[in-house]
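Engineer: Please see the structure below; I have some questions.
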Amino acid sequence: MSHTKPVRARDLLVQRPFLFFLSSRSLSRFSSQIGAVAIGWQVYELTGSAFDLGMVGLVQFLPTALLVFVAGHAADRFERKRVVQACQLAEALTALFLTVSTFAGTISEVQIFIATFVLGIAGAFESPATAALLPLIAPQGSLQRATAISSGAAQVATITGPALGGFAYAVMPGLPYGVMVVFWLLGAILTGGIGRLQQAAVKDTASSDDLFAGVTFVRGNPAILGTISLDLFAVLFGGVTALLPIYARDILMTGPLGLGILRAAPAVGALFMTVVLARHTISSHVGLRMFQAVIVFGAATVVFALSQWMWLSVLALAVLGAADTISVVIRFSLVQLSTPDEMRGRVGAVNFLFINASNQLGQFESGVTAALFGTVPAAVLGGVGTIAIALLWMKLFPALRNVERLE
């Protein structure tokens, strides 16, 4: 067992590769969150349809489902920072298209869906490569703390991104997309400044066995399978992100700026929790803590669903974000520490598939359920379903429930 001296948060933040990684990832998150607000509001403004809001999530998820295993293999075969750079440049070009089309007044629902699909393709390749970069950058024994700091830095962007996106859209509908172009270009520059990293080589073959090695690895590890499948089903049922434009306009009676505040609220709670986790890592009962966090996530979803007051809605979303952060840190650390470096891209791709299935198919599920049963009943059912999934998974995956430590 290694007895490496623990690396403090302040020590990580002065290391250039880690600082550049944080900045680049935060800018990408900033752009994504601005885009989520702008695209969601613009689609709802054009169509007035809850179903179409759900379709945004489905369109984002399809590239992940189609390309996830190729993307994971690319993250292991090619230099990971170059993969991330290429994706950020593609995202900047797509945002530029949205900027020009919106300012010209020629934007249509179909064009937004096409741009969203392209952003989904870039995200499908970017996320596994980004996730596999962090273990190469973080010093030995510091991955949980580095993950918490990385998550916190991204959450800072997530807090300000939606609010800025809502404000910018209120000023001029094309403005948020222009900001996204700038941030993605800056992110690509910072990614290039990370420097050379020692990345384990993958065999020079593109066989199906190699492409699906991540699936085989996850299936053979009950704790990892339980972790990522719990996140899949819990957020699939409990996600209310797609319904926020409806809550902002029709239930809480606020506008685009209010939507930005609602979108930012989970990140406020998440930032608070990442500050706590960066200083005090989860040192015992990590599996049980993850299940408890998911149950709190579901309960907060129910409170938000029933709220008629803006302050209570924001508070519930903040609690939801804090609980989700505990799950994210445990899941990422568990998966990365249990995976050989030469397979991290492919295993990360499987994890990314599950995350996107929960977030983006969750948006689709929320939109369809809201169209069928109404917005509030759909959100309440989602929160109750999340709690039920957590209790069921505790029985199905005792290996995960009994995980004691991470590092």
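The values are calculated or read from the model by the stated rules, or taken from the named source; none is laboratory data. Keep in mind it's a predicted model, so treat the numbers as computed, not measured. Here the Cβ is made from the backbone with ideal geometry for all residues, glycine too, and neighbour counts use every protein chain on show.
Engineer: So, in region 18-48, exactly how many residues are without any contact (Cβ under 8 Å) to a residue 12 or more places away in the chain and within 23 Å of Thr102 (Cβ to Cβ)? It would help to see each step written out before you state the result.
Structural biologist: So in region 18-48, the residues without any contact (Cβ under 8 Å) to a residue 12 or more places away in the chain come out as 19, 45, 48.
Still in the list and also within 23 Å of Thr102 (Cβ to Cβ): 45, 48.
Total satisfying the criteria: 2.
Engineer: Same structure again: Any idea which of (1) at pLDDT below 80; (2) among the basic types (Lys, Arg); (3) more than 30 Å from Ala213 (Cβ to Cβ) is the one Arg331 doesn't satisfy?
Structural biologist: (3)
Engineer: Answer yes if at least one residue in region 29-47 is among the aromatic types (Phe, Trp, Tyr), modelled with pLDDT of 85 or more, closer than 30 Å to Ile149 by Cβ and crowded, with 21+ Cβ neighbours inside 10 Å, and no otherwise.
Structural biologist: Yes: one or more hits.
Engineer: Where residues in region 178-213 are modelled with pLDDT under 75 and crowded, with 18+ Cβ neighbours inside 10 Å, which of them is farthest from Gly72 (Cα to Cα)?
Structural biologist: Gln199
Engineer: Among the listed residues Leu259, Leu236, identify the single one that is outside any loop (DSSP other than H, G, I, E, B), at pLDDT below 80 and surrounded by 15 or more Cβ atoms within 10 Å (Cβ to Cβ).
Structural biologist: None of the other options fit; the residue is Leu236.
Engineer: Could you list, in sequence order, the residues of region 85-137 that are over 19 Å from His73 (Cα atoms) and of a type in the set (Val, Ile, Thr)?
Structural biologist: Scanning region 85-137 gives Thr94, Thr99, Val100, Thr102, Thr106, Ile107, Val110, Ile112, Ile114, Thr116, Val118, Ile137.
Engineer: Here's another thing I want to ask about it. Restricting the search to region 59-74, which residues are surrounded by fewer than 24 Cβ atoms within 10 Å (Cβ to Cβ) and modelled with pLDDT of 80 or more?
Structural biologist: Once the filter is applied, which keeps residues that are surrounded by fewer than 24 Cβ atoms within 10 Å (Cβ to Cβ) and modelled with pLDDT of 80 or more, region 59-74 yields Val59, Leu62, Pro63, Leu66, Leu67, Val70, Ala74.
Engineer: Can you tell me which residues in region 298-351 are in a helix (DSSP H, G or I) and hydroxyl-bearing (Ser, Thr, Tyr)?
Structural biologist: Looking only at region 298-351, we keep the residues that are in a helix (DSSP H, G or I), and these are 298-306, 310-337, 341-351.
Of everything in region 298-351, those that are in a helix (DSSP H, G or I) and hydroxyl-bearing (Ser, Thr, Tyr) turn out to be Thr301, Ser313, Thr325, Ser327, Ser333.
Engineer: If you don't mind, there's one more thing I want to ask. What pairs come up if the first residue lies in region 242-262 and is without any contact (Cβ under 8 Å) to a residue 40 or more places away in the chain, the second is surrounded by fewer than 24 Cβ atoms within 10 Å (Cβ to Cβ) and hydroxyl-bearing (Ser, Thr, Tyr), and their beta carbons are under 8 Å apart, counting only those six or more places apart or on different chains?
Structural biologist: The qualifying pairs are Ala248/Thr254.
Engineer: Further question on the same structure: Every residue in region 295-317 that is crowded, with 21+ Cβ neighbours inside 10 Å and either modelled with pLDDT under 90 or small (Gly, Ala, Ser) (or both), please.
Structural biologist: Gly298, Ala300, Ala305, Ser313, Ala316 - these are the residues of region 295-317 that are crowded, with 21+ Cβ neighbours inside 10 Å and either modelled with pLDDT under 90 or small (Gly, Ala, Ser) (or both).
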